[in-house]
Structures are given as structure tokens and as C-alpha cells.
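A.B. asks: The structure under discussion is supplied below as C-alpha cells; questions concerning it will follow.
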Amino acid sequence: MSNDHILTEALNANFSGLEIIKDNYDCLNITSSEHDVHGLIEFLLKDLGFAYLTDLTGAHYPNSENSEFQVIYHLHNLQKNHRIRVRVHLPKSNPQTRTITDLFLAANWMERETYDFFGITFEGHPNMVRILNMDDMDYFPMRKEYALEDETRTDKSDRYFGR
Amino acid sequence: MSELSKLNKNLDLSSETIDGEIATLNLGPTHPATHGIFQNILKVDGERILSAEQTVGYIHRAFEKLAERRPYNQITPITDRLNYCSSPINNIGWHMTVEKLIGVEMPKRVDYIRVIIMELARIADHLVCNSVIGVDTGALTGFTYMFQQREKIYDLFEEICGARLTTNVGRIGGFDRDFNPEFIQKLRVFLNEFPKKFGEFASLLERNRIFMDRTIGAGPISAKRALEYSFAGPNLRAAGVDYDVRAMNPYCSYQDFDFNIPVGNDGDTYDRFIVRQQEIRESLKIIHQALENLPEGAYHADIPSFYLPPKEEVYRSMEALIYHFKIVMGETPIPKGEVYFSVEGGNGELGYYLVSDGGRTPYRLHFRRPCFIYYQAYPEMIKGALLSDAILTMSSMNVIAGELDA
């Protein structure tokens with residue numbers, strides 16, 4: 001049985017309502033609700049050996065209603081060499097989820113970076129402030145809310161950039 | 001109990017610590033000893049560091065946002081400026097991410113050319129880091145000689161792509177040109193001469209009593225803590241974890257080569273130095289093997305709708321002109337999807353998380369920058385250490401401002 005099968009069975013036995021899909025690039029995508037995601041990552045870390053947090057980042061999909069924001073975790077089981085992607089959808093009205101800094105120290109700055117660029121807050125984070133941008137910035141620059149080209153220009157529009 | 005003595009007790013400082021005032025010291029943002037733009041606000045008691053707080057983002061250039069309006073080909077120059085000590089690895093990592101997204105296999109020759117270029121870049125990166133450790137301990141001589149060797153590597157890059165530092169080498173689907181005979185000849189000269197010069201540098205520092213006394217035990221981190229902090233590359237291996245992307249998830253035919261993964265014990269400055277020294281030797285081994293077994297064949301994949309045709313052909317042939325126009329105008333059939341791809345950069349796992357909506361530009365591109373992630377551990381590593389050890393720890397971690405701030 002492959003790693004993916006073992007993992008899928010273990011997760012389905014312990015959690016309900018997870019969406020587990022294998023994408024075209026042979027990576028297992030696990031989508032969890034905001035309520036479950038901390039428990040899920042804790043389970044992956046403590047029981048299934050996903051002890052290496054490869055990456056944590058956000059994304060903004062303004063057209064998907066009530067799940068405009070995503071937080072994407074890439075976890076790696078170094079013993080089995082198994083990489084997975086965990087994803088949680090967050091609504092625009094309350095883009096907030098629990099921090100995983102209690103599980104991975106590395107998540108500290110990655111969560112701050114996600115907050116800095118997307119305005120997603122992580123509940124329980126020890127120092128939820130901006131990291132790369134200046135402190136008095138009053139917008140979240142990576143949100144898809146800004147025209148790519150100067151809006152006063154009539155000769156250029158976003159459709160030239162494939163948007 | 002005063003605040004100071006409480007702190008001293010926690011840190012287990014020696015009894016002869018001067019029971020004076022705690023001073024706040026601004027190390028940086030521009031300080032000649034930090035080799036880049038880093039600010040650290042230190043609380044010091046005499047020369048002992050009680051706590052440190054980093055400020056990052058001084059050269060933040062919004063690469064991820066820039067990438068959202070640039071066609072795939074035009075993102076390569078952005079990646080140059082991440083870890084600018086080993087730009088070719090960043091360039092090739094990005095090309096391979098896009099190739100993974102569109103699902104193409106490269107010819108063997110492309111893989112081997114890439115391996116040679118990436119290993120040269122790794123040697124250049126490690127040379128800078130290690131010779132700078134020497135400088136920070138007071139040994140300037142090794143630095144000047146090793147920088148001469150780095151210049152030789154840059155001459156090789158110049159022969160491949162015309163640029164030295166920000167190389168912008170290759171393109172999606174392979175390379176714009178093959179290795180020329182001058183390059184092969186220069187590379188052979190380099191492979192002959194470098195080990196001797198490098199041996200001189202190694203004998204200057206590796207078993208040098210003064211250097212060892214200075215670096216052993218400076219800025220240590222345990223394997224467990226290093227994993228919790230998601231360390232990568234030589235810093236993680238120095239702590240004793242044998243994680244190397246080249247061996248764990250071989251890309252670019254790395255499985256064809258015979259090389260070792262050096263591992264340290266204590267994760268201190270000396271171990272990091274030695275791991276990098278050994279990696280330079282392993283990289284040389286890989287280059288030798290790749291050069292001897294360099295396969296014949298094309299230097300790019302046969303994917304006309306993604307691979308920018310050579311300019312001479314664009315002027316001469318209709319097909320090349322059509323594809324050139326389509327690629328530049330963003331009419332390429334990029335599939336929808338999301339991929340994560342990582343290569344072993346100079347500092348460890350350099351990852352690209354790419355989301356494509358089928359448009360001309362990436363929908364979302366995130367760089368997993370190893371520096372940004374492991375620099376978090378810096379205050380913990382220098383707590384209770386001397387100020388001069390803190391400088392040494394930073395240079396041995398090889399924190400590169402461009403990669404840190406993206």
C-alpha cells in the first residue's frame with residue numbers, strides 16, 4: 001500500500017469532512033475546515049511523522065464566495081519522504097485561523113508574512129505584526145484588489161496581463 | 001532580585017560577569033560586519049548578549065507581487081536577485097517548476113548541463129560563505145584567494161550566458177545555447193587548478209587551532225531544534241540531519257551521480273564551516289562525473305510553444321516567428337494547476353509554490369526562501385554568547401539579504 005493510501009485511511013478514521021484529492025502532480029491535497037485544521041496538523045505531526053514544515057503561505061481568490069482566502073501548508077515526512085499539502089479556506093468576513101506556532105517554531109515568521117500580505121490573522125500567535133512591509137502600511141498588498149496597471153491609463157488594462 | 005541578576009541566572013553566565021547596566025545596542029541595519037542589511041536590536045551586558053530581536057524587510061522588493069504581472073519567461077531575472085550568491089540555482093529551479101507544471105521531460109544533456117552549472121554555483125556560494133567566516137575570525141588572507149577562485153567561476157558563467165552575477169541563465173525548456181568549446185576548456189583548467197588553491201585555503205583554516213578554538217561551540221543548535229525551525233541545507237546537515245533535496249527527491253538526473261552528503265554533529269559554526277567545505281569537494285566530484293559523461297543530444301526540449309526560439313531563427317523562419325510572438329504575448333497553453341517544486345539551493349531547500357489559472361502570468365507564486373525561515377532561530381542561537389560570536393554565527397548561517405527579504 002502506498003504512503004498516500006495509508007495516510008488517507010488514517011485521516012478518514014480520525015477526522016470527518018476532510019476532502020482528500022490527489023492532484024495531477026502526484027501530491028495529496030487535504031482540505032480541512034478552519035475548525036479542524038489545527039487538530040489535523042497536530043495529528044499529522046505527532047502520529048504520522050510529518051515533522052518538517054516546508055512552507056506556509058496564503059492565497060486570495062476573490063471570486064469564490066465565503067472562501068476567498070486560503071492558507072496553504074506544505075508538510076514533509078522526512079522518514080518516508082512523503083510530501084503533502086494541507087489547505088484551509090477562510091471567508092473574507094473573518095479571515096482568521098489558529099496559529100501552528102505551538103507545533104512548529106518555523107511557522108512564526110511564515111504566519112507573519114501571510115498576515116503582512118493577505119491580512120489573514122492567526123489566533124494565538126505570539127507576535128502578530130507585519131514583517132517585511134513597514135508597520136504603518138494600511139492595506140494588504142497581495143490581495144487581488146488592486147488593478148495591475150495604473151487605473152488612469154486608458155491605453156492599458158488588466159486584460160493585457162491575462163486577467 | 002534585580003532584573004539583571006534574574007536574566008543572568010537564566011542564562012547561566014559565569015560569575016565574573018560585570019554586574020553593570022544592560023545596554024541596548026543597535027547592530028545594523030548597515031554594519032560592516034553583518035555583510036548585508038540586517039538590523040538586530042541586542043540587549044547586552046558587557047559583551048554578553050542577553051536577547052536579540054531582528055528586523056527584516058529592508059530590501060523587500062515585492063517579488064511575489066511583481067511575478068503576478070510578468071509572463072513566465074520574465075520571472076527568471078527576479079529569481080536572480082533572491083540568493084544572488086548562487087543565481088543559476090534559482091533560475092534553473094524556476095525553469096524546472098514551470099516544466100513540472102506543463103509536464104515535460106528534459107533531454108539528458110539539458111539535465112547534465114544544468115547539474116554542472118548548479119554545482120559551480122554551489123561552489124561559488126559556499127566559497128563566499130566560508131571565506132567570510134575566515135574574515136570574521138580575523139583571517140583575511142583566505143578570503144582574497146578564494147574570491148579570486150570565485151571570479152574564475154564567474155568567468156565560466158560569463159562563457160555560458162554572458163553575465164556574471166545575475167546570470168539569468170537558460171530558459172524554460174532548456175538553454176538558449178550549448179556549451180561552447182572555450183567553456184569546456186576553461187572548465188577543465190578550473191577543475192585542474194581549483195583543488196590545489198582550495199586545498200591551501202582548507203589547510204589554512206580547517207585544522208587551525210586558533211580558528212577551531214574560535215568557532216567550535218559558537219552558535220550551536222541541536223538537530224531537534226533545527227528541525228522545529230525548518231532549517232535546511234548545510235545548516236541543517238551541520239546539526240546532524242542528512243536531508244538533502246538532491247538525494248531525497250532527485251531532480252535533474254542527480255540519481256546518476258555518486259556523491260556523499262556530509263553531516264555534522266553539534267550544529268555550531270565549525271560544523272557549518274566543515275560541512276560547506278566538504279560540499280565543495282562533493283560538488284567538484286559531481287562536476288567531474290557530469291563532464292565526463294556529458295551525453296550528446298539537444299540542449300533544449302522539443303516544446304516549441306514554451307521554449308523561446310533563438311533570435312536568428314525568429315528573423316529567418318516563419319514558425320519561429322509565430323512561436324516567438326505567441327510566447328512573448330502570453331498565448332502559451334499553460335495548464336491550470338498548482339505545483340510545489342524545490343531544489344537544493346546554496347542554503348537549502350529553495351521551493352517554488354506556483355498556482356496557474358491558465359493565464360499569461362502566474363496566479364500566485366510563493367518562494368520558499370530557506371534564509372527567511374532559519375534566520376528566526378538566530379536570537380536563540382546567540383543568547384548568552386559574546387558579541388563577536390554573534391557576528392560569526394550570522395556569517396556561518398549564510399543569511400543572504402536578497403533571499404531573506406525577497
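The values are calculated or read from the model by the stated rules, or taken from the named source; none is laboratory data. Quantities reported herein were computed from a predicted structural model and do not represent experimental measurements. Every residue, glycine as well, gets a Cβ built from its backbone with ideal geometry; the counts of neighbours run over all protein chains shown.
A.B. asks: Any residue at all in the stretch B:58-75 that's polar (S, T, N, Q) and outside any helix (DSSP H, G or I)?
C.D. replies: Within the stretch B:58-75, the first condition is being polar (S, T, N, Q), and the residues that meet it are B:73-74.
Subset that is outside any helix (DSSP H, G or I): none.
No.
A.B. asks: Check whether at least one residue in the stretch B:312-322 is assigned to a loop (DSSP other than H, G, I, E, B) and either among the hydrophobic types (A, V, I, L, M, F, W, C) or surrounded by 16 or more Cβ atoms within 10 Å (Cβ to Cβ) (or both), and report yes or no. Reasoning before the result, please.
C.D. replies: Residues of the stretch B:312-322 that are assigned to a loop (DSSP other than H, G, I, E, B), as a first pass: B:317.
Those left that are additionally either among the hydrophobic types (A, V, I, L, M, F, W, C) or surrounded by 16 or more Cβ atoms within 10 Å (Cβ to Cβ) (or both): none.
So far as the stretch B:312-322 goes, no, none of its residues is assigned to a loop (DSSP other than H, G, I, E, B) and either among the hydrophobic types (A, V, I, L, M, F, W, C) or surrounded by 16 or more Cβ atoms within 10 Å (Cβ to Cβ) (or both).
A.B. asks: Now a separate question. Please go through (1) touching a strand residue (DSSP E or B) at 6+ places or on another chain (Cβ under 7 Å); (2) away from every other protein chain (no Cβ under 13 Å) for B:L236 and return the number of the only condition it doesn't satisfy.
C.D. replies: (2)
A.B. asks: Within the set of pairs 6+ apart or on separate chains, which have a first residue in the stretch A:81-99 that is on the phi > 0 side of the Ramachandran plot and within 11 Å of chain B (Cβ to nearest Cβ), a second that is surrounded by fewer than 18 Cβ atoms within 10 Å (Cβ to Cβ) and of a type in the set (F, W, Y), and C-beta atoms under 8 Å apart?
C.D. replies: none
Residues are listed down the side, and each one gets a yes or a no for (1) surrounded by fewer than 24 Cβ atoms within 10 Å (Cβ to Cβ); (2) touching a residue at least 12 places away in the same chain (Cβ under 8 Å); (3) under 21 Å from A:V71 (Cα atoms); (4) assigned by TED's automatic domain parsing to the domain that holds B:M329:
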site: B:R360; (1), (2), (3), (4): yes, yes, no, yes
site: B:H366; (1), (2), (3), (4): no, yes, yes, yes
site: B:Q376; (1), (2), (3), (4): yes, yes, yes, yes
site: B:P379; (1), (2), (3), (4): yes, yes, no, yes
site: B:K383; (1), (2), (3), (4): yes, yes, no, yes
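A.B. asks: A:L48 versus (1) in a loop (DSSP other than H, G, I, E, B); (2) among the hydrophobic types (A, V, I, L, M, F, W, C); (3) touching a residue at least 60 places away in the same chain (Cβ under 8 Å): which is the lone unmet condition?
C.D. replies: (3)
A.B. asks: On to the next question. Any residue at all in the stretch B:290-305 that's assigned to a strand (DSSP E or B), under 30 Å from B:H126 (Cα atoms), aliphatic (A, V, I, L, M) and under 29 Å from the mean Cα position of the chain (by Cα)? Steps first, please.
C.D. replies: Taking the stretch B:290-305 as the starting set, the residues that turn out to be assigned to a strand (DSSP E or B) are B:300.
Keeping just the survivors that are under 30 Å from B:H126 (Cα atoms) gives B:300.
If we keep only those that are aliphatic (A, V, I, L, M) as well, we get none.
Within the stretch B:290-305, not a single residue is assigned to a strand (DSSP E or B), under 30 Å from B:H126 (Cα atoms), aliphatic (A, V, I, L, M) and under 29 Å from the mean Cα position of the chain (by Cα).
A.B. asks: For the stretch A:110-117, check the following and say yes or no: at least one residue is among the aromatic types (F, W, Y), within 22 Å of B:I373 (Cβ to Cβ) and within 10 Å of another protein chain (Cβ to nearest Cβ).
C.D. replies: yes
A.B. asks: Do we find that B:M329 is away from chain A (no Cβ under 12 Å) and not polar (S, T, N, Q) in this structure?
C.D. replies: On the way: away from chain A (no Cβ under 12 Å): no; not polar (S, T, N, Q): yes.
The answer is no for B:M329.
A.B. asks: Sticking with this structure for a sec: Here is a check on your reading of the model: is A:L11 farther than 30 Å from A:Y139 by Cα, aliphatic (A, V, I, L, M), without any contact (Cβ under 8 Å) to a residue 60 or more places away in the chain and within 11 Å of chain B (Cβ to nearest Cβ)?
C.D. replies: Values: farther than 30 Å from A:Y139 by Cα: yes; aliphatic (A, V, I, L, M): yes; without any contact (Cβ under 8 Å) to a residue 60 or more places away in the chain: yes; within 11 Å of chain B (Cβ to nearest Cβ): no.
So A:L11 fails the test.
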